[in-house]
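Presented below is the structure to which this report refers.
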Amino acid sequence: MEKINIIGIEDVKAKVLSDLSKFPKELLVHNINHSLDVAETAIVIGREANLSVINQKELYFSGLMHDIGLLNTVKEKTYLGHELAGVEYVVDTLPNFGYESLISLISKNILATRMPQFPNSFLEEIICDSDLANFGRDDFFSTCANLRIEIENVTIIK
């Protein structure tokens, strides 16, 4: 993956990565690496679509934070509601960095990743595609195997 070079993302990225590092080790798929992968994949798609730098920043933040709500929901042994918890995180975090204007759009992008996905905008489509990009990659089967283990270890789903 190419180096992401967008001015003004490092402060938020550092905060989010610090919080993502608190994810339980049992999250074999929904972890810091997945969040970075989704963010970076969204940027690649956004650049190919000739999106503005501000849209690329929105996509990057959306991808980075799309699963951050798992910090709250895995305590109850569920994935359900982690997108809403992620929106709460966005609302609480972005104003600290002067990004109040991005809250609504990033929140919509995060909510679009709920399964089943129903994106309502081009940016939401990009985030949804980025979240499931592994479907078309060589790591698909290993990711699915790890997801099965993750579900068995961190949720009440059997």
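Couple of notes before you dig in:
- Listed values (1) 39; (2) 10; (3) 24, entry calculated as percent of Cα pairs over 30 Å apart: (2)
- Rounded, prolate or oblate (a/c below 1.5 giving rounded, otherwise prolate when a/b exceeds b/c) for the range 113-158 by Cα gyration tensor: oblate
- If you run the Gaussian network model on the chain, springs between alpha carbon atoms under 10 Å, then out of Arg137, Arg114, Arg47 the most flexible one is Arg137.
- Each part gets one Cα centre, and for the range 62-111 versus the range 127-158 those centres are 20 Å apart.
- Nearest-ten-degree value, helix 32-48 long axis tilted from longest Cα axis of the chain: 40 degrees
- Lys, Arg +1 and Asp, Glu -1 on Cβ, resulting dipole of the range 1-142 about Cα centre, debye, nearest 20: 220 debye
- Each of Asn50 and Thr155 was given a label point 7 Å from its Cα along the Cα-to-Cβ line. The distance between the two points is 4.0 nm.
- Estimated inter-spin distance, Leu80 and Lys22, nm [label 7 Å along Cα→Cβ]: 2.4 nm
- Acute angle (nearest 10 degrees) that the helix 10-20 long axis makes with the longest principal axis of the chain, alpha-carbon atoms: 10 degrees
- Against the chain, whose longest principal axis comes from its Cα atoms, helix 53-65 is set at around 20 degrees.
- Length-normalised contact order for the range 1-98 - Cα pairs under 8 Å, 6+ apart - percent: 26 percent
- Dividing the summed -39500 (n - 2.57) terms of all DSSP H runs of n ≥ 4 by the residue count of the chain sets its mean residue ellipticity at 222 nm at -18000 deg cm²/dmol.
- Put Leu36, Leu70 in order of accessible area, highest first, and with a 1.4 Å probe you get Leu36, Leu70.
The values are calculated or read from the model by the stated rules, or taken from the named source; none is laboratory data. In this text, all values refer to a predicted model and were calculated from it rather than measured experimentally. All Cβ positions, glycine included, derive from the backbone under ideal geometry; neighbour counts span all protein chains shown. Remember, those area values only see protein heavy atoms, side chains included, never the ligands or the DNA or RNA. Shrake-Rupley method; radii C 1.70, N 1.55, O 1.52, S 1.80 Å.
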